[in-house]
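Please read the structure below before turning to the comments.
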Amino acid sequence: LNLTSLDWIPNRRAWRVDAERAALRKSPAHKELHTLLVAHERAGTITRQEAVSMVPPLFLACRPGDRVLDTCAAPGSKTSQLIEAVFPPGSGDLKDASGLVVANDEDLKRTHTLVHQLKRLGAPCWAATHGDARL
């Protein structure tokens, strides 16, 4: 099992595990790692996602205080990155938080998943909506 940093993500904040999710979950040799990953995901300290989903937030280059509309937000991993950009962990007092991410999805069931994912973050700067975002 190899763990490698994705060099194109700043500050070594993205890592790749070279194992299929099912294999990691079922392998007795990786039980401790799987348990650790699940615990951190539930706590909102990590988010598992495909590397390709990390690209849009990287190119958008949001900064603290920005206001962002994510029109196809579910299941929430990309949106989590956007929230972290506009209100970085440990960034200070909530009254100083001026950034906002509005996360929308057209599918109601996926919107529920989105809300569940974003609640784990404990961030104050997001709102979820459900609707067709086409103009």
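The values are calculated or read from the model by the stated rules, or taken from the named source; none is laboratory data. As the structure is a prediction and not an experimental result, all values here were calculated from the model. Glycine gets a Cβ as well: all are built from the backbone with ideal geometry, and neighbour counts include every protein chain shown. Calculation scope for accessible area: heavy atoms of the full protein, side chains included, ligands and nucleic acids excluded. Shrake-Rupley method; radii C 1.70, N 1.55, O 1.52, S 1.80 Å.
Quick one: give the max-minus-min coordinate of the C-alpha atoms of the chain along each principal axis, largest first, in Å.
Reported extents, whole Å, longest axis first: 47, 33, 25.
Within the chain, which is the longest segment containing none of the GluC sites (Glu not before Pro) that sit in a DSSP loop and have at most 11 other Cβ atoms within 10 Å?
Values: sites that count: E20, E50.
After excluding every exposed loop site, the longest remaining stretch is 51-135.
In degrees between 0 and 90, to the nearest 10, how far off the longest principal axis of the chain does helix 108-119 point, with axes built from Cα atoms?
Taking the Cα atoms of the chain, the angle to 108-119 is about 80 degrees.
Give me the one-decimal nm value for the distance between modelled label points at A29 and R16, 7 Å along each residue's Cα-to-Cβ direction.
Reported label-point gap for A29 and R16 is 2.1 nm.
Leaving ligands, DNA and RNA out of it, report the carbon-plus-sulfur percent of the accessible area of the chain at a 1.4 Å probe.
Its accessible area is 55 percent carbon and sulfur atoms.
Counting only trypsin sites (Lys or Arg not before Pro) that are in a DSSP loop and have at most 13 other C-beta atoms within 10 Å, tell me the longest site-free stretch of the chain. Could you put the intermediate results ahead of the total?
On the way: sites that count: R13, R48, R134.
Longest stretch, sites excluded: 49-133.
Based on Cβ point charges of +1 for Lys and Arg and -1 for Asp and Glu, what charge dipole magnitude is obtained for the chain about its Cα centre, in debye rounded to the nearest 20?
Using Cβ point charges on Lys, Arg, Asp and Glu, the chain gives about 340 debye.
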